[in-house]
Amino acid sequence: MAKKITILNGPNLNLLGNREGDIYGTVGLAEIEAACLDECARFDFELAFFQTNSEGELVTQIQEAGANGDGLIINPAAYSHTSVALHDAIRAINIPTIEVHLSNIYARETFRHHSYISPVATGTICGLGPTGYILAIGALATQIPE
């Protein structure tokens, strides 16, 4: 039976491809989702892919992934730096979780250097653009128990 992974995307990521291309690149979220579907097929993963600008909806989706899934990839975007709620939700679930950021948050403004998600994530990938999602899928393949 295929393992189920969830990829969650936080605020403003629906604007990818149109927003600050020098920071986030020119690839849209639909293109990232298509690449993730292709990569998931390599590992026989079933994929649920979501984007929301709502912190509460992200919490609900994290809980859903923990209850019904095998792994989580999250790009919490700006909520990385502000959300204790996301931290607590990830801490409460018992599945491998990879944090992804398109940009290198450590090469940007000082307030972006702290993530509330990193301490409760299995691992963090940042600064590699859309490739970070692909690497996160491969990482989950090594983290999800058989």
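Test of understanding: among E109, E99, E46, which residue is among the charged types (D, E, K, R), at pLDDT 95 or above and surrounded by fewer than 20 Cβ atoms within 10 Å (Cβ to Cβ)?
One residue alone meets the criteria, E46.
Taking the stretch 117-146, which residues are buried (at least 20 other Cβ atoms within 10 Å of the Cβ) and in contact with a Ser or Thr (Cβ under 6 Å, 6 or more places away or on another chain)?
Matches in the stretch 117-146: I117, A121.
Since N68 meets every condition but one in (1) surrounded by 14 or more Cβ atoms within 10 Å (Cβ to Cβ); (2) polar (S, T, N, Q); (3) within 19 Å of I137 (Cα to Cα); (4) out of contact with any strand residue (DSSP E or B) (no Cβ under 6 Å at 6 or more places or on another chain), which condition does it not meet?
(1)
Looking only at residues in the stretch 23-32 that are assigned to a helix (DSSP H, G or I) and touching a residue at least 24 places away in the same chain (Cβ under 8 Å), which one is surrounded by the most Cβ atoms within 10 Å (Cβ to Cβ)?
I32
So, in the stretch 67-83, how many residues would count as being under 18 Å from L102 (Cα atoms) and outside any helix (DSSP H, G or I)?
Looking only at that region, the number is 6.
Report, by residue number, each residue of the stretch 89-102 that is over 13 Å from the mean Cα position of the chain (by Cα) and either over 16 Å from G69 (Cα atoms) or of a type outside the set (A, V, I, L, M) (or both).
Listed by number, the residues that qualify are R91, N94.
Please state which of the following conditions I90 fails to meet, knowing it meets all the rest: (1) touching a residue at least 24 places away in the same chain (Cβ under 8 Å); (2) within 17 Å of P130 (Cα to Cα).
I90 satisfies every listed condition except (2).
Please enumerate the residues belonging to the stretch 39-58 that are of a type in the set (D, E, K, R) and either part of a loop (DSSP other than H, G, I, E, B) or under 11 Å from K3 (Cα atoms) (or both).
D44, E46, listed by residue number.
The values are calculated or read from the model by the stated rules, or taken from the named source; none is laboratory data. These numbers come from a predicted model, not from an experiment. All Cβ positions, even for glycine, are placed from backbone atoms using ideal geometry, and neighbour counts span all protein chains on display.
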